[in-house]
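Data first, discussion second: the structure below is written as structure tokens.
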Amino acid sequence: AQKVTQAQTEISVVEKEDVTLDCVYETRDTTYYLFWYKQPPSGELVFLIRRNSFDEQNEISGRYSWNFQKSTSSFNFTITASQVVDSAVYFCALRGGNRDDKIIFGKGTRLHILP
Amino acid sequence: DVKVTQSSRYLVKRTGEKVFLECVQDMDHENMFWYRQDPGLGLRLIYFSYDVKMKEKGDIPEGYSVSREKKERFSLILESASTNQTSMYLCASKKGGGASYEQYFGPGTRLTVT
């Protein structure tokens with residue numbers, strides 16, 4: 001069975017601090033896809049990144065970076081120099097390689113950036 | 001840009017009413033999904049559709065039905081609303097044909113059943 005665990009339910013940091021959101025996944029598939037979504041207070045989930053299981057390169061996009069490690073089944077997300085606008089709920093998700101596979105979401109981490 | 005719209009942001013209905021939640025996407029996506037989101041439970045899949053006229057049960061289909069008569073529109077129906085269906089409902093769409101494609105979400109409908 002596939003599973004996504006986001007152990008941090010809620011995190012608070014002061015603006016300009018770096019913060020890492022953890023994501024650990026379980027799957028028996030050799031081909032799979034990992035995603036991160038952001039849900040700001042407005043409610044709409046916004047897609048941030050997709051990573052496939054064959055690509056372990058870390059990704060950086062501005063202040064955001066993602067560390068994918070198959071050895072530890074983790075796909076962690078770091079925000080550098082956090083800003084108040086980063087306050088949101090962040091979801092990690094997993095989908096198997098079959099086109100009919102459903103996406104499995106973690107329960108989310110609520111991030112508070114304090115001014 | 002992909003756009004997924006939902007008919008209402010907020011909705012208040014009475015117990016026993018029939019409720020329709022509408023979702024429309026404008027990117028010609030084959031796949032569409034309905035989720036509910038509750039505190040502490042994350043997102044749970046109610047129903048999904050791979051294409052027009054097709055529907056599949058998700059993890060929590062009880063008390064819900066769906067309709068997909070046109071490719072761009074996916075409706076969620078609460079046949080007889082109950083208070084335990086008070087929740088945030090999120091619609092999503094995705095390009096078909098591959099597992100790698102990401103889902104795009106609508107803004108959500110916060111439904112209160114009294």
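Among the aspartates and glutamates, which have Cα under 16 Å from the Cα of A:K70 when same-chain residues fewer than 8 positions away are ignored?
Cross-link targets: A:D22, A:E26, A:D29, A:D55, A:E56, A:E59.
Longer than 23 Å from Cα to Cα, which of B:K3/B:K71; A:K38/B:K18; A:K102/B:K71 are they? Say none if no pair is.
As for pairs spanning more than 23 Å Cα to Cα, those are A:K38/B:K18.
Name the residues whose placed amide hydrogens come within less than 5 Å of the amide hydrogen of A:I104, ignoring near sequence neighbours (fewer than 5 apart) on the same chain.
HN-HN under 5 Å from A:I104: A:L94, A:R95.
Add +1 for every Lys or Arg and -1 for every Asp or Glu among the other residues with Cβ under 14 Å from the Cβ of B:R9, and state the total.
-1
Determine the residues within region A:25-59 where the difference in accessible area between the chain on its own and the full set of protein chains amounts to at least 20 Å²; count protein heavy atoms only and use a 1.4 Å probe.
With the partner chains in place, region A:25-59 has these residues losing at least 20 Å²: A:Y33, A:Y37, A:Q39, A:S42, A:G43, A:E44, A:L45, A:F47, A:R50.
With a 1.4 Å probe and every protein chain left in place, work out the accessible area per residue of the protein assembly as shown in Å², rounded to a whole number. Can you show the working numbers first?
Working: 11180 Å² over 229 residues.
Here the per-residue accessible area is 49 Å².
List the residues, sorted by chain then number, that are 5 or more residues from B:S82 or on another chain and whose placed amide H is less than 5 Å from its amide H.
B:G16
Am I reading the B/A interface right? What is its buried accessible area, both sides, 1.4 Å probe, to the nearest 100 Å²?
Counting protein atoms only, the buried area is about 1800 Å².
Hey, can you list the residues from region A:88-115 whose accessible area shrinks by 20 Å² or more with all protein chains present, relative to the chain by itself (probe 1.4 Å, no ligands or nucleic acids)?
Residues of region A:88-115 that lose at least 20 Å² of accessible area once the other chains are added: A:F91, A:R95, A:R99, A:D100, A:K102, A:I103, A:F105, A:K107.
May I ask you to evaluate 6.51 cos²θ - 1.76 cosθ + 1.60, the Karplus curve with θ = phi - 60°, for each residue of region A:101-115 and list the ³J(HN,Hα) values in order in whole Hz, giving x for glycine and proline?
5, 8, 7, 10, 9, x, 7, x, 10, 8, 10, 10, 9, 8, x
Enter the mean number of other protein chain beta carbons within 10 Å of the beta carbon of each residue in B:39-49, as an integer.
Rounded to a whole number, the mean comes out at 3.
At 7 Å along the Cα-to-beta-carbon direction for both B:I60 and A:R63, put a label point, then send me their distance in nm to one decimal.
For B:I60 paired with A:R63, the spin-label model returns 3.3 nm.
Which value results for Rg/Rh of chain B when Rg is the Cα radius of gyration and Rh the Kirkwood radius based on the inverse mean 1/r?
When Rh is taken as the Kirkwood radius, the ratio is 0.95.
Of all accessible surface on the protein assembly as shown at a 1.4 Å probe, what whole percent is carbon and sulfur?
Its accessible area is 47 percent carbon and sulfur atoms.
Could you work out, for chain A, what percent of all Cα-Cα pairs fall into each 10 Å distance bin, beginning at 0 Å and stopping at the bin that holds the largest distance?
14, 48, 30, 7, 0
Using the C-alpha gyration tensor of region A:67-115, what are the square roots of 5 times its eigenvalues, in whole angstrom, with the largest one first?
They are 27, 14, 8 Å, listed largest first.
The values are calculated or read from the model by the stated rules, or taken from the named source; none is laboratory data. From a predicted model like this one, the values you see are computed outputs, not experimental measurements. Because the Cβ atoms are built from the backbone with ideal geometry, glycine has one as well, and the counts that use them run over all protein chains shown. Keep in mind that these areas ignore ligands, DNA and RNA; they rest on the heavy atoms of the full protein, side chains included. Shrake-Rupley method; radii C 1.70, N 1.55, O 1.52, S 1.80 Å.
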